[in-house]
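Take a look at the structure set out below.
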Amino acid sequence: MSARQHDPRERALTPATTPRLVVKIGSSLLVAPDGSLRADWLASVAADVAAARAAGQQIILVSSGAIALGARRLGLKKGGRASLEDAQAAAAVGQVALAAAWTQALEARGLTAAQILLTLDDLENRRRFLNVSATLERLLALGVVPVLNENDSVATGEIRFGDNDRLAARTGHAACADGVLLLSDVAGLHTANPATDASATLIPHVASITPAIEAMASGSGSMGTGGMVAKLAAARMATAAGVALAIADGRGLHPLARHQAGEPFTLFSPARSARGRKAWLAGRQRLHGSLHLDEGAVAALERGASLLAAGVIAIEGDFARGDVVALVGSQGPVGRGLAGYDAADARAIMGARNEAHAAILGHAARAALVHADHLVLL
């Protein structure tokens, strides 16, 4: 956390600092409590997007709101979230309305909208991730504004992001974006919940997501599913892949313009820069197991070395070679990577030096349990 005060404009995700920006729109911003669309607010966002595009900034929108809009049209209770079936039905109906609303608002500003609906598997599977990346790249090159949402009509608990904050962070990876802006119903991360604690103060800059920072997270009370805990998870995903992430107040008109003008917000700065496969690894949500490391192994990874079996003290999970596993030190997760062995062979050579591996396994061994080229530190 930064103690030094600063001009918020220094870190705002402006066209000059952030040529490609992902902007996430929460349900509580786009949809009124009665389930109706906030048309004036939407029109102001479209105007902001047009201004950003005119200034040379490419914008990708990640928009919630389909379930809320669909629930109103179908007359469903609890905003369409009374059951999984209700939510899926509401999403199917509401997504049509949501796409139409964005199309109309952007067309009024001379912009073309494109709709992309994604599930978790679309970005967890490496080949499909690359397909999404290529599609976004082409749309942006054509001057189109992509509008993304999770495909809630088919997503279930096992194959979903769970909130669009994390989808926005993952989209930042896929689009090779320079920043992600989460427009919310709060101005950013506070020392306590500002809705219940008058002494809560805004944290303007987070250089590292520490346990103290995580302890400050609290629910936002919004219509959507992404409270501050989800936003911190998104920030961790984005910054691990070298993408800056900001949380800003989106409740008033022209929220993007207000952010870029320097209205208070919280910025999470990336500690490292990762691209390509390493950025994809950093953003993975689905892990197949965990490798627990001794202090020597953690130190070796920090120096850029591969993970050797000798530094592994415990293994969890049933994974195959090539699956993504978590790398865990004594203080918690330190990274993730592609396993060079399946779980059974990894357990067999755990703690053993490389020269002993062939005798233990009965065949020629690989040099590393996780190669440096196939791991990323968090």
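The table that follows gives values for the structure above.
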{"item": "Cα-based Lys pair tally, the chain, threshold under 24 Å, eight or more apart or on separate chains", "result": "5"}
{"item": "Ala54/Arg286 FRET efficiency (R0 41 Å; Cβ-Cβ; nearest 0.05)", "result": "0.55"}
{"item": "Zone residues, the range 362-376, relative to Arg347, backbone N less than 14 Å from point 7 Å out along Cα-to-Cβ", "result": "none"}
{"item": "Sorted by Cβ density within 10 Å, fewest first, the residues Arg72, Arg170", "result": "Arg72, Arg170"}
{"item": "Relative contact order (%) - criterion: Cα under 8 Å, at least six apart; region: the chain", "result": "15"}
{"item": "Virtual paramagnetic centre 7 Å along Cα→Cβ of Ala212, amide N under 15 Å, in the range 334-378", "result": "none"}
{"item": "Potential lengthening between Arg73 and Asn354 on full extension [0.36 nm per residue; Cα-Cα distance subtracted]", "result": "94.8 nm"}
{"item": "Shape category assigned to the chain from the gyration tensor of Cα positions, a/c cut at 1.5", "result": "prolate"}
{"item": "Gain in span if fully extended, Ala320 to Arg128, counting 0.36 nm per residue against the direct Cα distance", "result": "67.1 nm"}
{"item": "Footprinting exposure proxy for Thr210, Thr266, Thr17 (fewest neighbouring C-beta atoms within 10 Å first)", "result": "Thr210, Thr17, Thr266"}
{"item": "Relative contact order (%) - criterion: Cα under 8 Å, at least six apart; region: the range 1-112", "result": "26"}
{"item": "FRET efficiency, Leu84 to Asp197 (Cβ-Cβ, R0 41 Å, nearest 0.05)", "result": "0.75"}
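No value in this document is a laboratory result; all are computed from the given coordinates. Predicted model, so just to flag it, every value in this text is computed and none were measured. All Cβ positions, even for glycine, are placed from backbone atoms using ideal geometry, and neighbour counts span all protein chains on display.
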